[in-house]
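As structure tokens, the structure follows; a few thoughts come after it.
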Amino acid sequence: MRRNRIGSWAVACVMALAIAIACYAGVLDGIHGKIKVIPDKVTADRGEKGFDDTLSFAGGKFTSAFFLANGFNPASYSGEKEENEAEFEVEQTSVTNGVINWLGEVRGKKLGGRMTWTKKDGRILTYNFEGAKDEAITTPPRSP
């Protein structure tokens, strides 16, 4: 009888943990915005330029429009959200272009953070990014 109680408790804990992890992963879904990606001094000294990008969170996945066009598929992200701020972390991989690590935050309407791109040849490029969330698109009320 005691084993049944312990087994039931263990199953309940595992299920609660799985639900918490699933909720944690998609906590920023619906957020998207435009950013400017700016190379740090070392990266700029290597001749790398900044660029504009659009970031989005949907279905538990993070997408960078710029890097999607360069072989980096949407990737699962982890995030934490409070009332007026959120943080996220994501790793995107490309068979041909390496690995990108994003570490960012959303504060009010602002997006910002740091992105490190380890290219396939081993070069490491570091960028800062900043921008703003797009305004939410709302459906107008139906007329009677």
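So the values come out like this:
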{"quantity": "Count of the range 94-113 residues which are open to solvent by 60 Å² or more (accessible area, probe 1.4 Å) and touching a residue at least 24 places away in the same chain (Cβ under 8 Å)", "calculated": "3"}
{"quantity": "Condition check for GLU91: in contact (Cβ under 8 Å) with a residue 40 or more places away in the chain, of a type in the set (Asp, Glu) and either open to solvent by less than 60 Å² (accessible area, probe 1.4 Å) or more than 17 Å from ASP29 (Cβ to Cβ) (or both)", "calculated": "no"}
{"quantity": "Count - residues of the range 58-102 that are aliphatic (A, V, I, L, M), part of a loop (DSSP other than H, G, I, E, B) and closer than 21 Å to LYS34 by Cβ", "calculated": "1"}
{"quantity": "Test result for SER78, under 19 Å from GLY112 (Cα atoms), touching a helix residue (DSSP H, G or I) at 6+ places or on another chain (Cβ under 7 Å) and either open to solvent by 30 Å² or more (accessible area, probe 1.4 Å) or of a type in the set (Val, Ile, Thr) (or both)", "calculated": "yes"}
{"quantity": "Boolean, ASP29 is under 12 Å from the mean Cα position of the chain (by Cα) and either surrounded by fewer than 18 Cβ atoms within 10 Å (Cβ to Cβ) or not in a strand (DSSP E or B) (or both)", "calculated": "yes"}
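The values are calculated or read from the model by the stated rules, or taken from the named source; none is laboratory data. Nothing here was measured: the structure is a model prediction, and the numbers come from that model. Ideal geometry is used to build each Cβ from the backbone, glycine not excepted, and the neighbour counts take in all protein chains shown. Side chains are part of the model used for accessible areas, which takes the heavy atoms of the whole protein and leaves out ligands, DNA and RNA. Shrake-Rupley method; radii C 1.70, N 1.55, O 1.52, S 1.80 Å.
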